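Taken together, the values in this text are just the output of simple stated rules run on the coordinates, not laboratory data. Fair warning: this is a prediction, and the values are worked out from it, not measured in the lab. Glycine gets a Cβ as well: all are built from the backbone with ideal geometry, and neighbour counts include every protein chain shown.
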């Protein structure tokens, strides 16, 4: 428990109060989802604490991290999803996250096909934590505790529709995740 307390303190010290509150709410949601679906609760809490570690950094600062950690950035990964790539690298190198935890950080924004249980828990905990307010969030919150794969499909559907509505690129890996869930996880 002390290890989690130290991690929580180190991570929240790097974040604005608003982002720190979100991260703490994601930690709480990830713990509950991990308990419900029999995932490693400590790993879920660590990944949740680390998931937005670099989100508040500027794009130039994140690109410097990409250079430092030899991260290849695809055009559609610039902007908002960039923090998932850099966050996973910082989690791994500075906070000694396991590969499983770093992978959950890496895929918490876009998803991917064949997601692990921990990756799904972090993706959904980030999507439905108590700070989130959007149409359909209550339905998605309930579904997270009834059918994890259906919740993933609905979350990805929301993401895809949101990107379409905003005229923003849809990440190929997100479409792959959605197609994977629709064809193999039902």
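For the chain, a Gaussian network of Cα nodes joined below 10 Å ranks 36, 92, 133 by mean-square fluctuation, and the top entry is 133.
Can you sort 95, 171, 123 from fewest to most other Cβ atoms within 10 Å of each residue's own Cβ?
Listing 95, 171, 123 from fewest to most nearby Cβ atoms yields 95, 171, 123.
Label the stretch 1-76 by shape, choosing from rounded, prolate and oblate, from the square roots a ≥ b ≥ c of the eigenvalues of the Cα gyration tensor; if a/c is under 1.5 it is rounded, and otherwise prolate applies when a/b is larger than b/c, oblate when it is not. Here the stretch 1-76 falls in the prolate category. Summed over qualifying helices (DSSP H, 4 residues or more, each -39500 (n - 2.57)) and divided by its residue number, the chain shows a 222 nm mean residue ellipticity of -22000 deg cm²/dmol. Roughly how many Å is it from the Cα centre of the stretch 50-94 to that of the stretch 154-180, as a whole number? About 20 Å separates the Cα centre of the stretch 50-94 from the one of the stretch 154-180. Along each principal axis, taking the top coordinate minus the bottom one, the Cα set of the stretch 61-103 gives 27, 18, 14 Å in descending order.
Starting from the Cα-Cα distance between residue 179 and residue 133, subtract it from 0.36 nm times their residue separation and give me the gain in nm to one decimal.
Numbers: separation 46, 0.36 × 46 = 16.56 nm, distance 2.62 nm.
So the extension gain works out to 13.9 nm.
With a 10 Å Cβ neighbour count serving as the proxy for reagent exposure, in which order, fewest first, do 107, 35, 178 appear?
Numbers: 107 23, 35 12, 178 20.
Lowest count first: 35, 178, 107.
Which of these, 96, 83, 51, has the largest mean-square fluctuation under a Gaussian network model of the chain (Cα springs below 10 Å)? Evaluated over the chain, the most mobile residue of the options is 96. Sorted fewest first by neighbouring Cβ atoms within 10 angstrom, 146, 101, 77 come out as 146, 77, 101.
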